[in-house]
Amino acid sequence: MRSARPLPRTRSEHVLQKLHNIADSDPDTATPWWKGAAIYQIYPRSFADSNGDGIGDLAGITAHLDHVASLGVDAIWLSPFFKSPMKDFGYDVADYRDVDPIFGTLADFDALIKRAHELNLRVTIDQVYSHTSDQHAWFAESRSSKDNPKADWYVWADAKPDGSPPSNWQSVFGGPAWTWDARRGQYYLHNFLSSQPQLNGHNAELQEALLDVGRFWLDRGVDGFRIDALNFAMHDPELRDNPPAQPSNKKRTRSFDFQQRIYNQSHPDIPLFIERIRALTDEYDGCFTVAEVGGDDAEREMKLFTAGETHLNSAYGFNFLYADALTPRLVREAVEQWPDVPGMGWPSWAFENHDAPRAVSRWVAPDYADAFARMKMLLLIALRGTVIIYQGEELGLTQVDIAFEDLQDPEAIANWPLTLSRDGARTPMPWQSGALHGGFSESQPWLPVSDDHHPLAVDKQNEDASSLLNLTRALIALRKNHEALRSGRLDVLKADGDLLIFEREAGDETLVCAFNMGPSDLTWDPENGTLVQSVNDATIRDLPAYSGIILSRNQGE
């Protein structure tokens, strides 16, 4: 494996990197670090504000990495911090190779990397390869004429004879996915906001430029990428109309919901680009790649994007993120999509993230929120795959009801009040109970800190041995100490009503995991087993409401 081209490092940094690489290649640990890892997602705007402007930043993250390390997670995932007009809060990139001033500087990013590695935390960052901001220099050049060097780096098309858009494609955020541009006398495609023009992933020169962006960050020391909206990277060049969506009882709040999204995304050549991404990341020891894949065909695409050893390491979809309820049937259907067979990719799982409502508000009545959060965390660490914990999930944060006048989310503003605002899951981390703005900032934050979050603050839970925060630390440690939980096979034994039972097995270790995912007490009757972990008073016979237990079938434990 070819070594990365590193930036100049001090002697101590060279030693740290050497130890880092040794850990990745240790023959005694046959599985790579990311297989079964726990990754902590940080949304930079809302994590910690170091300069008092009300917006979180890189220096704030660095100052609070001790908290993240205390959880026992293997890595962090940073949502976008790149230079951006912030129309979609960083997912509209204006410069892939620089930090937006609201978050700091490249020097601040280098300091974050250094501190994270000192704490044995790997750092993965977002890469947005499907679109840019309309403020990006590439788009400025592309729109300037039909024959400039970057003319084909974005998706441009002539109007129909009557002046209407080239196809019927609709934007995720609502309305047509085409915007007229007088400079070129053509329409450009945008699958999201009109200020997020679609990159033409078919273009080989563009692909090379995106790979150079990846190399830039890998050379700065990052350990992997979460690739945003990857199945949007290529479109149908014939611009065929999407067919109508199949009839459904589900309420449609966006024009996007009325179509089968066949031709505006998910082109069969995307895996060929993925092979180029994998070839790049394979040049760097221990690099991890995970794709975000949404849509009606996500299961097939996730497998396609992760198949064998020439594609991405992992993928995650929206099995849980947008689910109306957490049920045994849902879990069974999700995990059985990823059997432990040769050539099959490796899944990643998230119950919460920056785009989805907080799970404790989405899945359970308020009276059961605390018990449910504990059961949910035990379930997450017991799943086969890499698990992603969203900032504040370890505290049991609830969804915040944001008043219309305080909304920042462009989708929520455009579709008010029918779309649940993503802002409600993006509110600032509460660090200090009772402190001004929960200790997040000395100034008014960009989103309000909920009064409900003060009792859940980090300082308060640190002092409580029975808190969800301390339980989360114990559960992550449990996962690390049991290979069956990190990478073992998963077999579902029962998914009936509110009762879920599955086995995890690796080598001579077999663990039985049982969960009551409902509000009524249940009983169960395992053949035998020694207690490994229990939440909410679950026992070898009784499973109270929203409880869970892990038993070992090995003797002498």
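The values are calculated or read from the model by the stated rules, or taken from the named source; none is laboratory data. Note that this is a predicted model, so its numbers are computed, not measured. Ideal geometry is used to build each Cβ from the backbone, glycine not excepted, and the neighbour counts take in all protein chains shown. The area values use the complete protein model at the heavy-atom level, side chains included, leaving out ligands, DNA and RNA. Shrake-Rupley method; radii C 1.70, N 1.55, O 1.52, S 1.80 Å.
For this structure, a couple of remarks:
- A simple spin-label model places the labels of LYS146 and ALA365 6.4 nm from each other, with each point 7 Å out along Cα-to-Cβ.
- Across the chain, the mean sequence separation of Cα contacts (distance under 8 Å, 6 or more residues apart), normalised by length, yields a relative contact order of 13 percent.
- Total formal charge among the other residues, if their Cβ is under 15 angstrom from that of LYS160, Lys/Arg +1 and Asp/Glu -1: -3
- Ordering of 298-306, 371-379 by packing [mean C-beta count within 10 Å, highest first]: 371-379, 298-306
- Given a 1.4 Å probe and the protein chains as shown, SER145 ends up with an accessible area of around 30 Å².
- Accessible area per residue for region 335-424, computed on protein heavy atoms with a 1.4 Å probe, is 33 Å².
- Ranked packing of 123-130, 322-329, 473-480, most packed first, by mean Cβ within 10 Å: 123-130, 473-480, 322-329
- Percent of Cα pairs exceeding the 20 Å cut-off, where the set is region 123-264: 51 percent
- Report summary: the helix-based calculation at 222 nm, which adds -39500 (n - 2.57) for every DSSP H run with n ≥ 4 and divides by the residues of the chain, gives -7500 deg cm²/dmol.
- Annotation: Cα Rg of region 269-351 relative to the compact-globule expectation 2.2 N^0.38 Å equals 1.14.
- For the chain, the longest principal axis of the Cα atoms and the long axis of helix 106-118 meet at an angle of about 20 degrees.
- Applying a DSSP loop filter and a limit of 14 other Cβ atoms within 10 Å to the GluC sites (Glu not before Pro) in region 191-238 leaves GLU238.
- Surface share of carbon and sulfur [accessible, 1.4 angstrom probe, percent] for the chain: 49 percent
- Accessible surface ranking that places the most exposed of TRP416, TRP178 first, with a 1.4 angstrom probe: TRP416, TRP178
- Of the whole protein surface, SER552 contributes about 0 Å² of accessible area at a 1.4 Å probe radius.
- Ordering LYS83, LYS146, LYS250 by accessible surface, largest first, gives LYS250, LYS146, LYS83; the 1.4 Å probe counts only protein heavy atoms, with every chain in place.
- The angle between the Cα long axis of helix 204-219 and the main principal axis of the chain comes to about 40°, on a 0 to 90 degree scale.
- Rounded to 10°, Cα long-axis angle of helix 369-382 versus longest principal axis of the chain: 80 degrees
- Multiplying the residue separation of ASP451 and ALA435 by 0.36 nm and subtracting their alpha-carbon distance yields 4.7 nm.
- Its alpha carbons give the chain an Rg and a Dmax of 23.4, 78 Å.
- For the peptides 157-165, 430-438, residues were scored by their other Cβ atoms within 10 Å and the scores averaged per peptide; the highest-first order is 430-438, 157-165.
- Reachable aspartates and glutamates, given that their alpha-carbon falls under 13 Å from the alpha-carbon of LYS303 and they are not under 8 places away in the same chain: GLU292, GLU336, ASP340
- Counted charge near VAL73, where neighbours are those whose Cβ lies closer than 11 Å (Asp, Glu -1; Lys, Arg +1): +2
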